[in-house]
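Here is the structure we will look at, set down as structure tokens.
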Amino acid sequence: MLVLKTLALEPMHGYGISLRIEQISAGVFRVNPGSLLPALSRMERAGRVKSVWRVSQTNRRAKYYVLTQRGRKALEKERQQWDRQIAAIGRILEA
Amino acid sequence: MLFRSVSSGIKSLLLPAKRNAEIEADVRSFFESAVEHKIQQGMNVDDAERAARAEIRSTEMVRHKVWDAGWESHVESLWRDARYGFRQILRSPGLSIVAILSLALGIGANTAIFTVIDDLLLKQLPVHDPHMLVSFGDGSGSGIVASSSPGAYDIFPYEFYKRIASRRDQLEGICAFASFPTMVSVRTASGTSGPATQAISHLVSGTFFSVLGSQPLMGRVFNPGDTATEGRNSVAVISHRYWRENLSADPDVIGRSITINGTSFIVIGVMPATFYGVDLNEQSPDMWLPITMQPEVTMRPSLLKPDGLFWIHVMARRKPDVSVAQAQSWATVEFQRFLMQREGSQILALRRQQIGGTFIPLLPGGTGLSHMRSVYQTPLTVLTIMVGVVLLIACANLANLLLAKAASREREYCARLALGSSRGRIARQILTEAFVLALIGGALGLGLAFWATRVLIHFIDKGASRTALSATPDLRVLLFTFATCIVTAALFGIAPAMRGSRTSVAGALNANARTSGGTAVRSNRLLPKALIVAQVTLSLVLLTVAGLLLRTLQNLRAQDIGLNRTNVLLVNTNPKFAGYQPERLNALYDRILSRVSALPGVRSAGLSGGPPVSRGSWGSPIDIDGRPTPPNEDISTLLNRVSTGYFETLGIPLLRGRTIQAADSADAVRSVVVNKTFADRYFPNGDPIGHSFTVADPAAPGVWHIVGVVRDSKHTSPAEKPEPFAFLAVTQLKGDDQYAYWLQIRSVGDPAKITAEVRAALADINPNLPVLKTETVDEQVDDLIDQQRFVSKLAGFFALLALTLAGIGLYGVMTYSVVRRTSELGVRMAVGASKAELLWMVLKESLTLLVIGICLGIPMSLAASRAIKAGLFGVEPADPLTLIAAVVLIGGVLLAGSYIPASRATKIDPMVALRYE
């Protein structure tokens, strides 16, 4: 979900994703490539993201991952689910 | 999505290098981005690279993780296991060859038997929607009979079919066909000249093809109009095979005229190659002819009259909305009503009651009708069980082999466990190896089965050229073989796999293999031993059963059939095919007998209506003059018609009076010779000679005078009880019953040598007089008992197979045990044990197993023998001789199997043994 959300803003390459997640979460989540690349590969299989080779700002070829329509839907769904769970947990904690 | 996953998975399976390069490029790109970013943040190049590398850690690990994310990784590891298993198999080729061969034999035998079962019992007719077909009765009866006793019916008069044919309220369509095929003589050339060939025809109703839902390849099939009028519509539908082989696949065959038994028929259709009619018998018909042409085709008086005899089978197509039970009660009611009306207005109460007891069972007709089915069902069941047991024995061998291997690879497993492999992974690996073995064995077995099935089918159909049985494995057979492989592999792989995965890490790694003993090993050794005991037990059962069946066959063969069977040649002919009318027969018989008797090497010759021993028979109730027939007495008598020289030629001894002589001519007083059972039953206290009787069958009219009594001879089976038998003088019969089809010849030497001369002599008398078959009495007896021959020979073969497998198994286990104990044996020898002591020590182990196996096997064998009691002849199920022979045989083979490793143990050099490992 986090990866999908990151990609929802703009297409990004692998390292960019891990960097972005780390930055936004203020260092709470650190995604190392051992988890990120398999996850991306799985999502690619599932058709949630697609990859394109693009030339980066520094004139280097890098693999950019783009969120697909299916990926957007999946993100929406997972997000709703997450919200429900958080709300439920919150209610339990406050009770 | 699924498609993408599958296709990209397959792509990466096929091109793993490309996929690896992709992943590596991903990782590198990640790495480069990281470095770049770190440099931007102010690190120098070296530091940035180091930090990035630390973040990624091992590229290799990332690669593995990405690989594992896809489903293909499972396939890949399975493939790796299979390859590893294959290498393991190659590593010990000797053992593996034995294992694969035993599996191939086991699976091959199972597949072969299943192919035959599939062909004979399961296969559906190649027609439209076969499961909607129902047969009136089981179609096992065939011939022309005049019976109407209570009970289930499967054979009907034509009139009954005519009555119900047009009724559509319960069944969608009804068809009828003769209960027997008819051999006909066919001339395909124009006119009546040209050579005649024999063909098998089947008389069918006009609805036959439409009820089956079969379409012709060319032309048209029969329609109800073709059988609307008797004796008209001489049209024929021919089989694909007949068209190809006898009409050279003539493309203009439709409308061509062929002469069948002297009547001209027009070919109107050719059936496709897959169609073989409704009878799954040794020979499939060459042509189908309208049932209304019966008198012309069978050259017999019409059977189509309202009071006709019972001779047709009936099949129908069900309506989807009418249950079988409903249709069945409808058919039964119709049939009873039909029988009542046939009796006329005055029916005795007894008769009415008898008719009330008749019924027609409607049975699934989709598999067709077959007399072979009933003959071979029981033998095939017995054989199926036997081959199953053989496969079990083979499995036990395989399990032992894999257990031994697993034990010797214990250290490998330990190492792998210690390096982080899961137990499941090891178990899966052993199972995969088992599957590889099973599949190789199965593939070999399939080849073996293909060959074996041909042999089996050849036996069943007796080498007939046109048969509906096929040795080619169809999809069902392939599936069966594959399933057998899987089950087999699971059976023999599970024990070793569990063993392998239970290896304890601590145990074996620090100990060396030699001492990896103790408690674990004792339980490990128990399983192979139990398997050996099971093998001994099962082999003993198979041997006993096979022994009993072989004794039965021997007894049947050696049984005195009441005639001298050596040097007798039987020739099957048919004067009808040469156009002889009954009036000219007696002259023909004279010429044949005088001509053949005069041949050099021939002692005597005689003619008869039927062969001396055969399945079919002619019989009729009789009425002895001056003897009131007690009610309920069975007065039916078997009949045959014979010429002069019949008894002399077959060596049936005359007990009283005289045999049929030349003086018994057409105008003389009718003479008959009876057998001893006949004389004893009807004349227990007096001399039958001089008495006379009448035969109820209208074919043998008049009063027959008994002129002689001969010894009983067997007629339909060597195992039968003698029945009353009367031999009528063939020359004194009339019409259709005057034809004699068999010529018996007693030769001086080997009867095979005079065959050519006899043929020439017959051709000389009339070139059109065909020789349909030449046989010896032994061949005919063999024909009668071919069911027993089939089952006993195969049973013997399978029992020997089982025995061999068990022997190999014990040999393997003992060899393995000796090798494992090499150092122990060396120590024993070093401290002074004699060779004999060592030999005994090793032998004792296998003897114990043998004795346990035999003790378990004897009661099981007795139980199995009792189960096949019905199939035995002249031998008791608990025949001690057979049992002892089986025990001795199995003991001998197994002792031989364990003696070799035992003697190897005594040859161990103590010094070598102690340094072993």
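Checked against (1) crowded, with 17+ Cβ neighbours inside 10 Å; (2) of a type in the set (Gly, Ala, Ser); (3) at positive phi, residue B:620 meets all criteria but (3).
This table checks each residue for (1) at pLDDT 80 or above; (2) buried (at least 23 other Cβ atoms within 10 Å of the Cβ).
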| site | (1), (2) |
| --- | --- |
| B:508 | no, no |
| B:517 | no, no |
| B:523 | no, no |
| B:532 | yes, yes |
| B:578 | yes, no |
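Within the stretch B:226-275, the residues that satisfy the criterion of being among the basic types (Lys, Arg) and either within 15 Å of residue B:286 (Cβ to Cβ) or at pLDDT 85 or above (or both) are B:241, B:244, B:256. In the stretch B:242-267, how many residues are touching a Lys or Arg at 6+ places or on another chain (Cβ under 6 Å) and either in a helix (DSSP H, G or I) or crowded, with 22+ Cβ neighbours inside 10 Å (or both)? Total satisfying the criteria: 1.
Among the residues of this structure, residue B:226 does not count as one that is in a loop (DSSP other than H, G, I, E, B) and in the same structural domain as residue B:142 (by TED's automatic domain parsing).
The helices (runs of 4 or more DSSP H) found wholly in the stretch B:783-867 and carrying at least 3 residues that are of a type in the set (Phe, Trp, Tyr) occupy B:786-820.
Assess whether residue B:664 counts as being among the charged types (D, E, K, R) and closer than 23 Å to residue B:570 by Cβ. Criteria met by residue B:664. The set of residues in the stretch B:157-186 that are under 30 Å from the mean Cα position of the chain (by Cα) and surrounded by fewer than 23 Cβ atoms within 10 Å (Cβ to Cβ) comprises B:180, B:181, B:182, B:183. Taking each residue of the stretch A:79-95 that is within 27 Å of residue A:8 (Cα to Cα) and looking for partners that are surrounded by 10 or more Cβ atoms within 10 Å (Cβ to Cβ) with beta-carbon atoms closer than 6 Å, six or more apart or interchain, yields nothing.
When you check residue A:67 against the structure, is it touching a Leu at 6+ places or on another chain (Cβ under 6 Å), among the aliphatic types (A, V, I, L, M) and more than 14 Å from every other protein chain (Cβ to nearest Cβ), yes or no? Considered against the rule, which asks whether it is touching a Leu at 6+ places or on another chain (Cβ under 6 Å), among the aliphatic types (A, V, I, L, M) and more than 14 Å from every other protein chain (Cβ to nearest Cβ), residue A:67 comes out as yes.
Quick check on residue B:52: is it at pLDDT 75 or above, crowded, with 19+ Cβ neighbours inside 10 Å and either assigned by TED's automatic domain parsing to the domain that holds residue B:443 or more than 59 Å from the chain's Cα centre (by Cα) (or both)? When the stated conditions are applied, residue B:52 passes them. Report every pair of residues separated by at least 6 positions or lying on different chains whose Cβ atoms are under 8 Å apart, first residue within the stretch B:69-89 and closer than 16 Å to residue B:20 by Cα, second modelled with pLDDT of 75 or more and in a helix (DSSP H, G or I). Short answer, once both residue conditions are applied: B:69/A:38; B:69/A:39; B:69/A:41; B:69/A:42; B:69/A:45; B:70/A:41; B:70/A:42; B:70/A:45.
Just wondering, is there one or more residues in the stretch B:456-464 that are of a type outside the set (Gly, Ala, Ser), at pLDDT 80 or above and touching a Cys at 6+ places or on another chain (Cβ under 8 Å)? No: the stretch B:456-464 contains no residue that is of a type outside the set (Gly, Ala, Ser), at pLDDT 80 or above and touching a Cys at 6+ places or on another chain (Cβ under 8 Å). For the stretch B:675-700, a residue qualifies if it is in contact with a Leu (Cβ under 8 Å, 6 or more places away or on another chain) and among the β-branched types (Val, Ile, Thr), and exactly one does: B:695. Here residue B:748 meets each of (1) surrounded by 14 or more Cβ atoms within 10 Å (Cβ to Cβ); (2) at pLDDT 85 or above with one exception, condition (1).
Yes/no per residue for (1) in a strand (DSSP E or B); (2) under 45 Å from the mean Cα position of the chain (by Cα); (3) in the same structural domain as residue B:602 (by TED's automatic domain parsing); (4) modelled with pLDDT under 85:
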| position | (1), (2), (3), (4) |
| --- | --- |
| B:663 | no, no, yes, yes |
| B:673 | yes, yes, yes, no |
| B:680 | no, yes, yes, no |
| B:721 | no, yes, yes, yes |
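Restricting A:46, A:39, A:88 to those that are more than 10 Å from chain B (Cβ to nearest Cβ) and more than 22 Å from residue B:36 (Cβ to Cβ) reduces the list to A:88.
The values are calculated or read from the model by the stated rules, or taken from the named source; none is laboratory data. Since the model is a prediction, treat every value here as computed from it, not as a measurement. Heads up, the Cβs are rebuilt from the backbone with ideal geometry, glycines too, and the neighbour counts pull from every protein chain shown.
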